[in-house]
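All remarks here apply to the structure that follows.
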Amino acid sequence: MLTSFFSQSWLLQSILWLPLIGSAHVLVTPRSSAKITALCWSAFVFLLSVSLWWTYNPGRGPGYQLASSIDWIETFGVSYSIGVDGISLFMILLTTLITPIAILGSFEYIEQRERAFYSLMLFLEFAVLGVFSSTDMFLFYVFFEITLIPMYFIVGIWGGKRRIYAAVKFFLYTSFGSLLMLIGILYMYTKGGSQSFAISHFLEIPLSLTEQLWLFGAFGLAFAIKIPLFPFHTWLPDAHVEAPTPGSVILASVLLKMGTYGFVRIVLPFFPLAVSSPIVVTALMGLGVLGILVCAWIAAVQPDAKKLIAYTSVAHMGFVVLGIFALNDTGLQGAMIIMISHGLSTGALFLLVGMLYERRKTRNIADFGGLATMVPWLTTVFLISAFASIGVPGTSGFTGEFLSLIGAFEVQPTMAIFAAGGVVFAAYYMLPMIQSIFFNKNNVKEDAEMNDLSKREILILVPLMVGIVWLGVYPKPFMDRMAPSLEEIIERVETARETNEITARDVKSENQETALWIHSSGPPDISTVKCREC
Amino acid sequence: MDFTNQWHYLLAMAPEIVLIGFAIGLLLFGVSRDKSQDSMKNRDLGWIALLGVTVSAFGNGWLYASASSSSQGIVTVDTYSLLANWILLLSLAMVILISVPYVERQKLQAPEYFALLMFGTVGLMVMVASLDLMLIFIGLEIASISIYALVAIDQRSSRGAEAGLKYFLLGAFSTGIFLYGVALIYGATSSVNLVAIADTFVDGQSNELMLLVGTIMLAVGFCFKVSVVPFHMWTPDAYEGAPLPVTAYMSVAVKSGAFLTFYRVFSVYLEGAHHSWSEVLWGLSILTMVGANLIALTQNNIKRLLAYSGIAHSGYLLMTLVANNATSQSGLLFYLTAYVLSSLGLFAGIVFVSNQSETNVDVENYSGLGVNYPFIAFALTVFLLSLGGFPGTGGFIGKVLILQGSLESGHISLAVALVLSTLISYGYYLRIVWLMWMKDPLAQDADNPSSPTVVPMILQLLLVFTLVSVIYLGLLPGQWIEFVESIAIGK
């Protein structure tokens, strides 16, 4: 028993640290073999992480598994503690899957300073895995911030013309939110007796509704910027357009998920009263719906295919927020599925646009035409990914958006109806682009000479397509694994809401009872007056 | 050792006395040496100075065993002053190391240069250790006069002379205010001894108004020295005009020494008047953090930029005085250590880029450094991030401690100001970072004779040492936090 426990926590440890070792290794390998080395490391990490799928046992309840903890800064109560549960499992798998794909996708794209690039990619993987696996708020914050550094350099060094502007904007925008979150973390730490930064300890800290609302503001802003939730999204299109293809892939598929993950993992359980207060729910769901509609609208008029896809990311994240703030199992599961689905489909779309760009050195939709006959395979894959992005039944997008809409409909039917309109909008911006690029007649000579997918490109895209279809057709294994952890969060929110209502009611009835007591000279039944636990 | 007789008092000053001895030796040597033969090179003088610092540091370590937290004299040997001595001696040693090639290349008067650096450090050490306002004043003057001279030591540099004069005039003015404050405090409490002054708060036998005005004037005097907005005007000019290593010295040693004294006097001995000065310092702190960082955004000269960044750091440090609790005290000490190490590393890199002279001091000159000198650019990036307080570096842990301290005292406004100004500061720190990594080298650099070629060994060692320490403080800060938590100010 003990040995198996050790070997399991060892598994998560190595998944987390191997990319860092790989990152250092890539720096010292000869230039020519840098990409292969990086690919090997990331593929190895992926293979290791696949075993998590079976090692993680949803039957053991909602807690962390494969957990391990070591004191890091003892005097300050900071520990290096990591673990995996039904929420982080999929984020970790997504990260380890996307990283080798992005690395393989950059083989032809990145031509200068290769060692630095691949080293940064692996370093980024390390930092993101750290975010998803840490169970200590201090550690979480450190990893959350450190992800900025490699992404800043990836956009800034290998990006397009306005790369520096985009990189700096990305950095400043996202660190604004996280710096306020730091104050929030430290406030909670002080409130909790300055003993520990462990998430489990933070959950026990009693906070009043006002405090929760303020802290919700600090944490929520950090994650809302990261997601990005409309109207904090303006850094995203810039970063996406300027970033090199692999950078965009990682950014869309993995980095944005840190924001939504933060909402699910931290905001909901930490501040159950704040998130269930009607104003917050309406505001957040409203922003989600607004993001879906406005960004669909903006996407529809983009001439640049990459920018169009960037805006669709914001729209998808709107669905995620909608699902999260439905505050029920269905909505939350939908949100989780969209997070995975978006990682697969948008990643694939960015890769495909990158492939088109490598062939034609342009991303303008109007410059392409009639590619379907020249490159049938590329067209097919593009169609599948676009369908997943729109949410056509049978693809992963449908499962997620459907669940999240049902969840939202249960609590806010109006919002859900408007959001459902967004699905139509998605078809409205996605299909004309596909028609223009692949089906319209356009007698450009270069299009006729375009090559179809190479073996490397097929290797990149196949796993993503498999994931899209699997999630679309048979999502049960995914949902089984995430259910216990999600249910626990929902229960927490529900309990907090109910006890709060009971307390509020009891305060009222207590007043009445006191009045009665004066008349009947009997004590009120104190046992009905429950204290709020959180 | 219990400091019962006067010999023991002398021993208590051993580190200072050693430094004075070596400095006077260097001066005498400078007078007596035969200039035509040039028997001894400037480089060797640097090593002698370094030897002096080492001996002094050993003396300091030896005193550590007999540190006590109570003392009656005018000088105290508590762990606080000994830690301050460590920080000052470390800064001095590293500045001497940066100076050696610089002094040689710029043909400065080496004996006087090194002696002045050592005298300045003695002044700062005396200041931190003293329990008597007059002695603090004397220490402050020893340090200041040495620095005035150092700023203007390059006789061929008109900017240096201008900077020296400006610094001197404004410094003399601030000294006047400081002395006026001391006089008023003496008038109110009839003592210049800090312990006695602290007692009058307990007894309540003091003239409230006179004491208040005196305290504020004393604070203004200190604010001048640590360059807090709006008393910072001299800083950018003096930093820009001074020789590079002297700029480094001012921004680390003078700032640490002056601030540590500031903290000792106000947080412990004038703590009784905390309510009256803390609000003033609260305002100054926010003004300094936000103002200095905003101005720094527009600077193109690296020395001026670092001057404003240094001013902003004074603002962060002031927060610890306003909060004034145990966490913020360890925050102050931790932050100062991280600040000193990152700044010194940064200046080592700047001295390299400037080719041990006063060229290439524009921010633009850092373009493409990452292509040509990846290690130096990497080290500079880490130092800049540490100054900005980014996770993984010592500066981050320092900032967290300061934030924590101010939250414990309920100053959420200060915490918010700190993080917002940190965000502003990313703006200019990152500018250097992107110039280094994301831009191509300037075209003229190829045939520019002043652009550097080889990295001197000393600078490399310095960079490695500071880099390792800054990352160590960032990743494994536990031991150092425990150490600074054990530091006590004698009462």
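The values are calculated or read from the model by the stated rules, or taken from the named source; none is laboratory data. Everything numeric in this text was worked out from a predicted model, so none of it was measured. Every residue, glycine as well, gets a Cβ built from its backbone with ideal geometry; the counts of neighbours run over all protein chains shown. Surface areas here come from the heavy atoms of the whole protein model, side chains and all, with no ligands, DNA or RNA. Shrake-Rupley method; radii C 1.70, N 1.55, O 1.52, S 1.80 Å.
Miscellaneous remarks
- Residue mean of other protein chain beta carbons inside 10 Å, B:421-431: 3
- Three-way shape label, the protein assembly as shown, alpha-carbon gyration tensor, a/c 1.5: oblate
- Cα centroid separation, region B:368-395 to region A:324-396 (Å): 38
- Checking the cross-link pairs A:K257/A:K361; A:K161/A:K257; B:K225/B:K439; A:K191/B:K225; A:K169/A:K441; A:K257/A:K441 against a 32 Å limit on the alpha carbon distance flags B:K225/B:K439; A:K191/B:K225; A:K169/A:K441; A:K257/A:K441 as lying beyond it.
- Looking at region A:278-474, the pairs of alpha carbons with a distance over 24 Å make up 39% of the total.
- Counting only protein heavy atoms and a 1.4 Å probe, region B:274-491 has 30 square angstrom of accessible area per residue.
- Summarising the label geometry, the points placed 7 Å from Cα in the beta-carbon direction at A:S194 and A:T380 lie 6.5 nm from one another.
- Prolate/oblate/rounded label for region B:76-178 (Cα gyration tensor, a/c 1.5): oblate
- Surface per residue (accessible, 1.4 Å probe) for region A:278-474, Å²: 37
- For the peptides B:326-334, B:171-179, residues were scored by their other Cβ atoms within 10 Å and the scores averaged per peptide; the highest-first order is B:326-334, B:171-179.
- Gyration tensor (alpha-carbon) shape descriptor, region A:81-204, a/c threshold 1.5: oblate
- Cα-based Rg and Dmax for region A:196-344, where Dmax is the largest Cα-Cα distance (Å): 15.7, 51
- Nearest 10 degrees, 0 to 90: helix A:137-146 Cα axis against chain A principal axis: 20
- Our coupling estimate for region B:170-183, obtained by passing each phi through the Karplus curve with A = 6.51, B = -1.76, C = 1.60 and θ = phi - 60°, is 5, x, 4, 4, 5, 4, x, 4, 4, 5, 4, x, 4, 4 Hz, Gly and Pro reported as x.
- Expressed as a whole percent, the accessible surface of region A:278-474 that belongs to carbon and sulfur atoms is 69, based on a 1.4 Å probe.
- Charge dipole (Cα centre; +1 on Lys/Arg Cβ, -1 on Asp/Glu Cβ; no other charges) of region A:278-474 amounts to roughly 400 debye.
- Simple spin-label estimate for B:Y472 and B:V280 in nanometres, 7 Å along Cα-Cβ: 4.1
- Convex hull volume of region B:257-339 per residue (C-alpha atoms, cubic angstrom): 82
- Spatial offset of region A:13-59 relative to region A:89-144 amounts to 10 Å, using the alpha carbon center of each.
- R0 of 30 Å, Cβ-Cβ distance A:K161-A:I21: FRET efficiency to nearest 0.05: 0.30
- Highest average packing first - A:208-215, B:361-368, A:419-426, B:376-383, Cβ atoms within 10 Å: B:376-383, A:419-426, B:361-368, A:208-215
- Carbon + sulfur, % of accessible area of region B:274-491 - ligands and nucleic acids excluded, 1.4 Å: 66
- Shielding value for A:233-241 is 0, the average number of Cβ atoms from other chains within 10 Å of each residue's Cβ.
- Number of partner chain Cβ atoms within 10 Å, mean per residue of A:190-203: 1
- Taking amide H positions as modeled 1.01 Å from N, with prolines and chain starts lacking one, the residues under 5 Å from B:D132 and 5 or more places away or on another chain are B:L194.
- Under 17 Å from a label point set 7 Å out along the Cα-to-Cβ vector of B:L294, the amide N atoms of region B:304-321 belong to B:308-309, B:311-313, B:315-316.
- Summed buried accessible area for A+B [probe radius 1.4 Å, Å², rounded to 100]: 3000
- Relative to the longest principal axis of the Cα atoms of chain B, the long axis of helix B:42-64 lies at roughly 30 degrees.
- Under 5 Å from the amide H of A:Q65 lie the amide H atoms of A:V84, A:D85, each residue being 5 or more positions distant or on a separate chain, with H modelled from the backbone and absent for Pro and chain starts.
- Over the Cα atoms of region B:274-491, the radius of gyration divided by the Kirkwood radius equals 1.01; this is the Rg/Rh ratio.
- Along region B:331-342 the Karplus relation, 6.51 cos²θ - 1.76 cosθ + 1.60 evaluated at θ = phi - 60°, assigns HN-Hα couplings of x, 4, 5, 5, 4, 4, 4, 5, 5, 4, 5, 5 Hz to successive residues, with x for each Gly and Pro.
- Residues whose amide H comes within less than 5 Å of that of A:A198, counting only those at least five positions distant or on another chain, are A:M137 (H built at 1.01 Å from N in the peptide plane).
- Ordering B:R156, A:R363 by accessible surface, largest first, gives B:R156, A:R363; the 1.4 Å probe counts only protein heavy atoms, with every chain in place.
- Label-zone membership for region A:365-395, site A:E358, 7 angstrom Cα→C-beta point, backbone N under 14 Å: A:378
- In chain B, Cα pairs under 8 Å separated by at least six residues give a relative contact order of 15 percent.
- Estimated FRET transfer efficiency (A:A283, B:Q109; beta-carbon r; R0 60 Å; 0.05): 0.30
- Put a dot 7 Å past the Cα of A:K441, heading toward its Cβ, do the same for B:E482, and the two dots end up 8.1 nm apart.
- For region B:221-237, the residues whose amide N sits under 20 Å from a probe point set 7 Å from the Cα of B:L165 along the beta carbon direction are B:233-237.
- For region A:20-29, the Karplus equation 6.51 cos²θ - 1.76 cosθ + 1.60, evaluated at θ = phi - 60°, returns couplings of 5, 4, x, 4, 5, 4, 4, 5, 9, 7 Hz by residue, with Gly and Pro reported as x.
- Take every pair of alpha-carbon atoms less than 8 Å apart whose residues are at least six positions apart; their mean separation over the length of region A:1-114 yields a relative contact order of 29 percent.
- Accessible surface ranking that places the most exposed of A:M336, B:M233 first, with a 1.4 angstrom probe: B:M233, A:M336
- The angle separating the long axis of helix A:209-226 from the principal Cα axis of greatest extent in chain A is about 0 degrees.
- Farthest towards the positive end of the charge dipole of region B:338-491, among the residues B:G478, B:S343, B:W434, is the Cα of B:G478, using unit charges on the Cβ of Lys, Arg, Asp and Glu.
- Positions from region A:157-187 whose accessible area shrinks by 50 Å² or more when the full protein complex is built, not the chain alone, probe 1.4 Å: A:I164, A:F171, A:L172, A:L179, A:I183, A:L186
- Unit charges at the beta carbon, dipole of the protein assembly as shown: most positive-side option, A:F270, B:I216, B:I376: B:I376
- Signed unit charges on C-beta, dipole axis of region A:278-474, positive-most listed residue A:V375, A:G394, A:I279: A:V375
- For A:H201, neighbours were defined as the other residues whose beta-carbon sits under 12 Å from its Cβ, and their charges (Lys and Arg +1, Asp and Glu -1) total -1.
- Cα-centre dipole for chain B with unit charges at Cβ (Lys and Arg positive, Asp and Glu negative), debye to 20: 620
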